[in-house]
Amino acid sequence: MSQGIQKNSSLSFHRNNRFLSAAAGLLPALRQTRLQPVELVDVIAEASQALGWKTMRCALPASLLQRELAAGDEIIVDFGTHCVGYFGLRCEAAGSPPDAPAHLQFIFGETPAEVAEPFSEYNGWLSSSWLQQADIYLDVLPETVRLPRRYCCRYVKIKVISASAKFNLKLSDIHLDTVTSADTTSLTPLHHPDALLNQIDEVSVLTLRNCMQEVFEDGPKRDRRLWLGDLRLQALVNYQTFEQNSLVKRCLYLFAGVTREDGMVSSNLFMKPDVIADDTFLFDYALFFVATLADYIAVTEDQQTLEDLWPVAWRQIELALGRVGTQGILQDSEDWWAFIDWHESLNKQAPAQGVLIYCLMKAQALARRADSEKVTWLEAKIGELKNAALEKLWDEEKGFFVSGAGQQVSSASQVWLVLAHVGDPGFRAQLMRNLLANPPEIGMNTPYMMHHFIDALISVGETQRAVQEIKKYWGGMVQAGADTFWELYDPQRPGFSPYGSKLINSYCHAWSCTPAYFIRKYGL
Ligand code: RAM
């Protein structure tokens, strides 16, 4: 596609070919490793398990070559860990010459729940096409099968839907060619003396690794694309682990490469068939372009990238400030204008005010290196927005910030205004203590929001409490059998999904991998 304005639905986009070719030049190589299943398992309902199911080693012989499968038979193979890659096997006929095609079905599960609960009962609002399954028909046997799509799983259910009464099937060489752009040789193992923290770090790192493909994907099962809010957190973990900083750089150039006509970066990008900006624009995600660039520059001191991308970052600031009302507070609206968290009732005004101030502080750090004239102006703006937050959003009686016309008290508002450094350090520490002692009804629903809560705790010096919370929350997922961290986790509502079904949740999700960042960066 050529440079210039392009129509996408009713929106126009600007393509910067120089940025897009810089990004293309940073395309990482994918590393491939072949894995075999470690055992056959049965899946059993278990109410005490977070997702309602557990696996048990199957009594049947592990060597599939000794077993013949007839129509209606099924097996579940367990690869022993969470994998992303290409599935293959060999299929032979046993008995009479095959007088009909063999119809096989494969169902891929990151968790036992996905291979246990029938997809036909799925009733969520995201497309069921995300549910990972494949049907194949083999006309000629024997056949070596390699499924063309990339899957994400630990378990694969293989079912013989139909063959004929005259022959059975024998399966062998079941494997997954796993892919990732993460270079594990550059990773220093943590060896933490606390076994649970060590395990949490390992699961975090595997989560990041399996999301590292040609870009930092949000989740290799769904949506398999580059989201800015996820990228920001992945980059932070990457700096403490794989240090593949050129992948962060590539993603920044991709976002800068396709922007809305007015310069706003999209909340997420598709990579195929070409780089396409989604027509979802979010106030906070666009601002995180600034934060992600600032974090990248702080680590790399890459002056060229700073010079290239500073104007794009600055544009996000200008656009965001356009939403500030005369009183110095962000205008609220009923549409999906900011993300903050997956929470139906969450009012976004106060937390978004926090995100704005936080990102203005990041912009100030960039301006010091790239555009010193803007530093004082930014200082004044940050002061104005902080004062407005204290004057208009603080409720002295409640001891909390409130948000929106309904004066809603939420965890997200407190966390983000603490991260924005609103109020002096003593005020912020007291606010976090109040939040711990009196958690509001509008709480936190995702590991993404929990990340910011942990960050806020550390920012006020509550480091030990942060460790406890990490062990309780992410440790809860580990104890529930997570090989990689889940997109959604609420210990009180184990099957919670903002999409209407836990089957469509992603169980290896970028925004959940941040304990490794906290543990390694702060030496927790
Ligand atoms: C979901 C994905 C993604 C996230 C957006 C806002 O679609 O989980 O990771 O960034 O929501």
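The values are calculated or read from the model by the stated rules, or taken from the named source; none is laboratory data. It should be emphasised that the depicted structure is a prediction, and the values quoted were computed from it without experimental measurement. Here the Cβ is made from the backbone with ideal geometry for all residues, glycine too, and neighbour counts use every protein chain on show. The protein model used for the area step is the full one, side chains on, heavy atoms only, and it has no ligands, DNA or RNA in it. Shrake-Rupley method; radii C 1.70, N 1.55, O 1.52, S 1.80 Å.
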| task | Kindly indicate whether any position in the stretch 316-328 is surrounded by fewer than 23 Cβ atoms within 10 Å (Cβ to Cβ) and part of a strand (DSSP E or B). | result | yes
| remark: Only one of 520, 493 is more than 16 Å from the ligand (Cβ to nearest atom), among the charged types (D, E, K, R), at pLDDT below 95 and open to solvent by 40 Å² or more (accessible area, probe 1.4 Å), namely 493
| remark: Of the residues in the stretch 318-351, those that are more than 16 Å from the ligand (Cβ to nearest atom) and either touching a Pro at 6+ places or on another chain (Cβ under 9 Å) or within 21 Å of residue 452 (Cα to Cα) (or both) come to 320, 330, 345, 347, 349, 350
| query | Would a scan of the stretch 238-257 turn up a residue that is open to solvent by less than 10 Å² (accessible area, probe 1.4 Å), part of a helix (DSSP H, G or I) and within 11 Å of the ligand (Cβ to nearest atom)? | reply | no
| query | Which of (1) assigned to a helix (DSSP H, G or I); (2) surrounded by 24 or more Cβ atoms within 10 Å (Cβ to Cβ) does residue 219 not meet, given it meets every other one? | reply | (1)
| said: Tell me whether the stretch 392-399 contains one or more residues that are of a type outside the set (Lys, Arg), modelled with pLDDT of 95 or more, under 18 Å from residue 349 (Cα atoms) and open to solvent by 50 Å² or more (accessible area, probe 1.4 Å). | reply: yes
| query | For the stretch 260-281, which residues satisfy the criterion of being open to solvent by 10 Å² or more (accessible area, probe 1.4 Å) and of a type in the set (Val, Ile, Thr)? | reply | 275, 276, 280
| query | Applying the selection to the stretch 433-471, what residues are away from the ligand (no atom under 16 Å from the Cβ) and polar (S, T, N, Q)? | reply | 434, 438, 459, 463, 464, 468
| remark: Residue pairs qualifying under the 6 Å Cβ cut-off, at least six apart or on distinct chains, with the first in the stretch 260-273 being in a strand (DSSP E or B) and the second being within 13 Å of the ligand (Cβ to nearest atom) and open to solvent by 10 Å² or more (accessible area, probe 1.4 Å), are 268/225; 268/227; 268/278; 270/225
